[in-house]
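First comes the structure, then the notes that go with it.
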Amino acid sequence: MIYGKIWCVVKPTVGIPLFLAGVAVTSFAVHLALINNTTWIKDYHQGGQKAVAAQQAQAVKK
């Protein structure tokens, strides 16, 4: 382990939860940024609604 001596300064009972909390917060922030700053992710979460709507529109025209 490269940084094995860190546990001489920080107790594992404090350091590990802080590290995991930092990873969780960072992951949440990245996902929130993706949802707020892209247009395609909202369409992706809607599934295939555009395709279904297009098929229904073609069926009505026939």
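Only the coordinates and a few stated rules stand behind these numbers; no lab work does. Bear in mind the structure is a predicted one, so any value in this text is a computation, not a measurement. When we count neighbours, we look across all protein chains shown, and the Cβ atoms used for this are built from the backbone with ideal geometry, even at glycine.
For a footprinting-style exposure proxy, rank LYS61, LYS11 by other Cβ within 10 Å, fewest first.
Ranking LYS61, LYS11 by Cβ neighbours within 10 Å, fewest first, gives LYS61, LYS11.
With q set to 0.17, 0.23, 0.25, 0.31 Å⁻¹, the log10 of I(q)/I(0) for the range 11-61, from the Debye formula over equal scatterers at the Cα positions, is -0.68, -0.84, -0.89, -1.03. In the chain, helical runs assigned H by DSSP with n ≥ 4 each contribute -39500 (n - 2.57); averaged across all residues and rounded to the nearest 500, the mean residue ellipticity at 222 nm is -24000 deg cm²/dmol.
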